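Reading through the structure tokens given below for one structure.
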Amino acid sequence: MTCHGDDNKLSLDSIRDSLNRQEDTIIFNLIERIKFPTNPTLYKQPSSFNISGFSGPLFQYLFQETEALQSKVGRYISPEENPFFPNNLPDSIIPPTKCTPVLHSAAESVNVNEKILDVYINQMLPLFCTEADDIGNLATTAACDIQLLQALSRRIHYGKFVAEVKFRDCTDEYKQFILAQDRDALMKLLTFEAVEEMVKKRVAKKAGVFGQEVTLNDSAKEVKGKVDPSLVSRLYDEWIMPLTKLVEVEYLLRRLD
């Protein structure tokens, strides 16, 4: 079983509040990332840099080292965090907190970060960033990538909590499809199109507000925002919400007892 921080009360209202705040984090991190171009040198396989004992892309090396350090101080003890490179992560020097588990043990086996990383590099970055290399800012670019990817991963894997509370509210309805391993029926049961449309409109509005240039000159002409609100809406529509529902379905399919 897995515990949900210090708060053992699981409800759709508390989850919605968290998802709402996570929208803010994703948009602010996206605004920071798109200051830099795509920087394909970071993701090139193999890396053009000589790294002893490592032959993958430079970004993978930086990301693995970041996760290893964060693992040592307990980041991945939290059920809200899922590593992108889980193999051989060091143990935490910080002991886990004692709390009542709220997720089924199946949660630990659900990790779609490989899909998230592929979508991020091959579809999201070309959509939001100009195509160029900025060799002088590789480390800063990678740091922005990692922060944004971890925010996206947290939001998408929050689907485990969404699925758990929905299962508890309508156990009999979900259980029949879980026992039948009916993926399509579970997906249909989990989908609320009106809610998804509301989310797309909300994140677009937030992107417009967070991305505006603030001036003290009321007569200043309107300037282009830091991020296109329609692209943020598209980000949720095409990737974040579908991947979240994938997590929900995979979690439920494994929740057999």
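Brief remarks follow.
- Qualifying residue in segment 158-165 (condition: in contact (Cβ under 8 Å) with a residue 40 or more places away in the chain, open to solvent by 30 Å² or more (accessible area, probe 1.4 Å) and not polar (S, T, N, Q)): no
- Residue satisfying condition, being of a type in the set (Ser, Thr, Tyr) and modelled with pLDDT under 90, within set 14, 18, 52: 52
- Hits in segment 81-122 (condition: polar (S, T, N, Q) and in a helix (DSSP H, G or I)): 105, 109, 113, 122
- Hey, residue 39 closer than 29 Å to residue 231 by Cα, buried (at least 19 other Cβ atoms within 10 Å of the Cβ), modelled with pLDDT of 85 or more and of a type outside the set (Lys, Arg) or not: yes
- Options 121, 135; residue that is open to solvent by 80 Å² or more (accessible area, probe 1.4 Å) and of a type in the set (A, V, I, L, M, F, W, C): 135
- Qualifying helices (runs of 4 or more DSSP H) (wholly inside segment 170-244; at least 3 residues being of a type in the set (Lys, Arg) and at pLDDT below 95): none
- Pairs with Cβ under 9 Å, 6+ apart, first in segment 183-209 and under 22 Å from residue 27 (Cβ atoms) and open to solvent by less than 40 Å² (accessible area, probe 1.4 Å), second assigned to a helix (DSSP H, G or I) and among the small types (Gly, Ala, Ser): 199/233; 200/233; 203/233; 204/230; 204/233; 207/230; 207/233
- In segment 59-88, residue surrounded by the most Cβ atoms within 10 Å (Cβ to Cβ) [restricted to those that are farther than 23 Å from residue 49 by Cβ and aliphatic (A, V, I, L, M)]: 77
- When segment 92-106 is limited to residues that are of a type in the set (A, V, I, L, M) and farther than 19 Å from residue 166 by Cα, the one that is surrounded by the most Cβ atoms within 10 Å (Cβ to Cβ) turns out to be 94.
- Verdict on residue 139 being closer than 18 Å to residue 26 by Cβ and assigned to a helix (DSSP H, G or I): no
- Any pair with Cβ under 8 angstrom, 6 or more apart, that starts in segment 109-124 at a residue that is over 19 Å from residue 38 (Cα atoms) and ends at one that is of a type outside the set (D, E, K, R) and part of a loop (DSSP other than H, G, I, E, B): 111/82; 111/83; 111/86; 113/82; 113/83; 113/84; 114/84
- Hey, residue 23 open to solvent by less than 20 Å² (accessible area, probe 1.4 Å) and within 16 Å of residue 148 (Cα to Cα) or not: yes
- Residue check, residue 127 assigned to a helix (DSSP H, G or I) and buried (at least 18 other Cβ atoms within 10 Å of the Cβ): no
- Residue 65 meets the stated requirement of being outside any loop (DSSP other than H, G, I, E, B), charged (D, E, K, R), more than 28 Å from residue 207 (Cβ to Cβ) and out of contact with any strand residue (DSSP E or B) (no Cβ under 7 Å at 6 or more places or on another chain).
The values are calculated or read from the model by the stated rules, or taken from the named source; none is laboratory data. It should be emphasised that the depicted structure is a prediction, and the values quoted were computed from it without experimental measurement. Please note: Cβ atoms are built from the backbone with ideal geometry, for glycine as well, and neighbour counts cover all protein chains shown. Remember, those area values only see protein heavy atoms, side chains included, never the ligands or the DNA or RNA. Shrake-Rupley method; radii C 1.70, N 1.55, O 1.52, S 1.80 Å.
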